[in-house]
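Structure first, commentary second.
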């Protein structure tokens with residue numbers, strides 16, 4: 001009986017809550033898809049991204065297969081992207097992919113692919129950290145160039161690929177340099193440096209790659225390759241400050 005006396009009041013409270021409590025209803029739910037889209041776009045212009053998403057999500061849910069619904073879903077993704085921060089970039093990518101899957105023939109497809117790549121690129125970590133997102137961004141930009149080679153976003157994608165390449169190349173260089181400096185493993189360093197040469201020829205730090213590759217060849221007792229690499233450094237990067245250090249066979253600590 002005592003347990004019953006405790007449960008009955010609790011059930012009464014739940015019943016009241018189930019009837020709407022204070023009777024509040026979100027006014028957004030009363031809006032049509034068009035009205036909600038208009039409000040959401042206005043809030044986007046005011047950079048009130050979180051509030052804008054509430055209206056845009058409602059507009060999509062009311063009319064998901066209409067032109068209004070398609071625009072609303074894309075703007076939800078844009079609102080996450082513009083809001084920024086790791087969590088929002090993850091959500092933006094997911095929303096862009098949702099749009100891509102739902103509307104594969106949309107005339108905004110090139111833009112959506114570009115934004116998927118941008119959402120990944122925004123999550124790139126420093127070269128000394130995990131590069132999973134960087135590799136995914138590179139793949140997404142390459143997909144844009146492959147699928148939409150003449151789109152208005154192709155040139156921007158090529159520019160972003162240079163940024164991504166530099167991050168990946170610097171990551172490889174740092175691993176190679178670590179093998180040289182700390183592990184005393186010149187052959188492991190050689191593999192890293194040669195990978196940069198082969199895969200990232202547009203890397204902005206290529207002179208230092210050649211410099212340390214030459215030293216790695218010296219440590220691995222491959223004097224001919226060391227000599228050829230030093231000469232390549234002189235020929236291709238005559239203004240590099242590292243040329244003055246070619247006579248020093250020590251590997252600097254920094």
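The values are calculated or read from the model by the stated rules, or taken from the named source; none is laboratory data. Predicted model only: the values in this text are computed from it and were never measured. Positions of Cβ are backbone-derived with ideal geometry, glycine not excepted, and every protein chain shown enters the neighbour counts.
Residues being surrounded by 19 or more Cβ atoms within 10 Å (Cβ to Cβ) and either modelled with pLDDT of 95 or more or touching a helix residue (DSSP H, G or I) at 6+ places or on another chain (Cβ under 6 Å) (or both) are represented in the range 11-34 by at least one member. In the range 193-211 there is no residue that is closer than 18 Å to residue 245 by Cα, touching a residue at least 60 places away in the same chain (Cβ under 8 Å) and surrounded by 17 or more Cβ atoms within 10 Å (Cβ to Cβ).
Among the residues of the range 127-167 satisfying the criterion of being in contact (Cβ under 8 Å) with a residue 40 or more places away in the chain and more than 24 Å from residue 109 (Cα to Cα), which is surrounded by the fewest Cβ atoms within 10 Å (Cβ to Cβ)? Among those that are in contact (Cβ under 8 Å) with a residue 40 or more places away in the chain and more than 24 Å from residue 109 (Cα to Cα), it is 128.
Please verify whether residue 71 is assigned to a helix (DSSP H, G or I), over 30 Å from residue 132 (Cβ atoms) and either in contact with a strand residue (DSSP E or B) (Cβ under 6 Å, 6 or more places away or on another chain) or free of Cβ contacts under 8 Å to residues at least 60 places away in the same chain (or both), treating the condition exactly as stated. Taking the combined requirement at face value, the residue satisfies it. On the stretch given as the range 75-102, residues that are surrounded by fewer than 22 Cβ atoms within 10 Å (Cβ to Cβ), in contact with a helix residue (DSSP H, G or I) (Cβ under 6 Å, 6 or more places away or on another chain) and more than 17 Å from residue 41 (Cα to Cα) total 4.
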